[in-house]
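Right, one structure below, let's go through it.
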Amino acid sequence: MFYSAMAEPSASGNTHPTYRQTMLDKPTYGHPGPAPSAPALRQVLAEWFDAISFWKDRTRLLPAAYAAYHFATFLVFVWFLTTHFSIASVLTVLLCACFIGTVYNTVWYHRFGSHQAFKFRSVWFARAFLWTNPICLREESYVIPHRIHHAKSDEPGDPYGPHLGWLGSYLATETQQKTNRNLTAAEYERLVKSLEHVGLMSNTYEHYRRTGSVENVWHYFARVVFVHLFWGILAWAAAGWWGVWAWISGVFLLSFMVRDFNYRGHSALTGTHKPGEPVNQFVYGLIAGEWHENHHQYPRLARSGLAWWQVDAPYWIIRAMKVCGIVSQCNSQVPPARFQPSDAQIVV
Ligand SMILES: [Zn+2]
Ligand SMILES: [Zn+2]
C-alpha cells in the first residue's frame, strides 16, 4: 500500500509518493503515525498483530518467525538464569550480549550495513559477517527502517522511537518488517543496489512482490541454520551445553537491549534534551559504542565516541580490521560542520 497521505506532485504534475516514503507498508494506526502522544496500548498491539498475521498475508511469516524466535530465546534466558544461576552464568550471558552487540549490531548492522561508514576490501569479508551474524534479523529489516529513522528522526513516520512509547518501539522490530510490495521495478532495483554492499543473494522483482523480502528467503533460511550450527558448536566446544544455553541467553539479552535502545536512545532522560532527541546513553555507549547523540550529528562516521571518556570498542575493531587489510577505507575524520545536512548519500 502506498502512503497516499505523503504523495507529492511530480515534475509532470502527476501525484505519486516519493521513493523513500514507500519503502515500508502503512501502519494500522495510519501514516505518518500518532504524534505528539504515543499510540494507545490497543493500537500498538493491533499493529504488531497485523505485522505477524501470516494467516492473512503469508509474507508476514518472516516477522512472525522472528517474533517466535525472540520469545523462544527469552524462554531459554529465563530457564538458564533460574536453573543455573551463578556469578559465572550472569557474567557469561552479559559478555556474550556485549560481544554480539559490539560486533554484529554496531559494526555490522549499524556502521557498515546502514551507514557504510567503512568499506571492506572484498565483499567476501562482508559475507563472513553476514553468515556468522547470530542476531538473525534480516539485514534489510535493520537497514531500511534505520535509514528512514535518520531521515525522519523525532518526527512522525520514524519507524521506532519514543513517539511510539516503550512497547510500540520494542515491538517495532516486527512492525518495521512490513515492506511495501508495490514498489515499481525501478524502485526495487534502487533498493537492491542500496543493499549490495551487504553481500546478500537478492530476489528478483517478481519474487520480491511475492515474498516482501529483498533477500532470497532460502538464502536467509540456509544462513540461519548455518549460524546456529557455527556458534552452537563453538559454545559447546568451549563449555558444553552450559555454553550453548549461555550463548542463546546472550542472543536474547542483546535483542532485548537493541529493542529497548530504539526507545531509550532517543528519550529525554537527562533533562537536557527535548523529548525524542538522541541521547548519549552511558551504558549503551560503554557496551556497544552507541553514543547516539554523536551518531545523529555525524551519521557516516565510523566512530561515535568523540570525547576521551566515550569508549568506542566497535571503532577499535574497525581500525584493527583496517590494519589487517580487511577494511580498505573508513570515515574517521570528524567533519568541521557541527551538523551534517543529511544522510542523503546513503538514504534510499
Ligand atoms: Zn537514532
Ligand atoms: Zn544510525
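Computed quantities for the displayed model
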{"item": "Residue list for region 320-348, restricted to those being hydrophobic (A, V, I, L, M, F, W, C) and at pLDDT below 70", "result": "ALA337, PHE339, ALA344, ILE346, VAL347, VAL348"}
{"item": "Candidates HIS110, HIS149, HIS115, filtered to the one that is within 12 Å of ligand 1 (Cβ to nearest atom) and in contact with a Gly (Cβ under 8 Å, 6 or more places away or on another chain)", "result": "HIS149"}
{"item": "Residue that is part of a helix (DSSP H, G or I), more than 22 Å from HIS163 (Cβ to Cβ) and in contact (Cβ under 8 Å) with a residue 60 or more places away in the chain, where the choices are VAL227, VAL244", "result": "VAL227"}
{"item": "Where a residue in region 35-62 is open to solvent by 60 Å² or more (accessible area, probe 1.4 Å) and its partner, wherever it lies, is among the small types (Gly, Ala, Ser) and assigned to a helix (DSSP H, G or I), with Cβ under 6 Å and at least six apart", "result": "PHE54/ALA64"}
{"item": "Residue in region 281-300 that is nearest to ligand 1 (Cβ to nearest atom), counting only those that are within 18 Å of PHE112 (Cβ to Cβ) and more than 17 Å from the chain's Cα centre (by Cα)", "result": "ASN294"}
{"item": "Unique match (being open to solvent by 20 Å² or more (accessible area, probe 1.4 Å), charged (D, E, K, R) and touching a Lys or Arg at 6+ places or on another chain (Cβ under 8 Å)) among ARG190, ARG181", "result": "ARG181"}
{"item": "Inter-residue pairs, beta-carbon under 8 Å, first within 13 Å of ligand 2 (Cβ to nearest atom) and in region 276-302, second basic (Lys, Arg) and open to solvent by less than 10 Å² (accessible area, probe 1.4 Å), 6+ apart", "result": "ALA302/ARG111"}
{"item": "Residue among LEU164, LEU183, LEU171, LEU191 that alone is under 17 Å from PRO63 (Cβ atoms) and either more than 16 Å from the chain's Cα centre (by Cα) or polar (S, T, N, Q) (or both)", "result": "LEU164"}
{"item": "Criterion violated by PRO159 - all others in (1) modelled with pLDDT of 95 or more; (2) in a loop (DSSP other than H, G, I, E, B); (3) surrounded by 23 or more Cβ atoms within 10 Å (Cβ to Cβ) satisfied", "result": "(1)"}
{"item": "Test result for ASN331, farther than 30 Å from ARG121 by Cα, within 14 Å of ligand 2 (Cβ to nearest atom) and buried (at least 18 other Cβ atoms within 10 Å of the Cβ)", "result": "no"}
{"item": "The listed residue being polar (S, T, N, Q) and in contact with a Gly (Cβ under 8 Å, 6 or more places away or on another chain), out of ASN203, ASN262", "result": "ASN262"}
{"item": "Residue in region 136-147 that is away from ligand 2 (no atom under 16 Å from the Cβ) and not acidic (Asp, Glu) present", "result": "yes"}
{"item": "Cross-chain or 6+ apart pairs with Cβ under 6 Å, region 114-129 first and at pLDDT 95 or above and open to solvent by 60 Å² or more (accessible area, probe 1.4 Å), then of a type in the set (A, V, I, L, M) and more than 16 Å from ligand 1 (Cβ to nearest atom)", "result": "PHE125/ILE326"}
{"item": "Identity of the residue in region 221-265, surrounded by fewer than 18 Cβ atoms within 10 Å (Cβ to Cβ) and under 14 Å from the mean Cα position of the chain (by Cα), that ends up modelled with the highest pLDDT", "result": "PHE256"}
{"item": "Answer from THR173, THR102 - the residue that is assigned to a helix (DSSP H, G or I), touching a Pro at 6+ places or on another chain (Cβ under 6 Å), polar (S, T, N, Q) and surrounded by 19 or more Cβ atoms within 10 Å (Cβ to Cβ)", "result": "THR102"}
{"item": "Selection within region 206-220 - in contact (Cβ under 8 Å) with a residue 12 or more places away in the chain, assigned to a helix (DSSP H, G or I) and open to solvent by 20 Å² or more (accessible area, probe 1.4 Å)", "result": "ARG209, ARG210, THR211, VAL217, HIS219, TYR220"}
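The values are calculated or read from the model by the stated rules, or taken from the named source; none is laboratory data. It should be emphasised that the depicted structure is a prediction, and the values quoted were computed from it without experimental measurement. All Cβ positions, even for glycine, are placed from backbone atoms using ideal geometry, and neighbour counts span all protein chains on display. Each accessible area value is taken on the protein alone, full model and side chains, heavy atoms only, with ligands, DNA and RNA left out. Shrake-Rupley method; radii C 1.70, N 1.55, O 1.52, S 1.80 Å.
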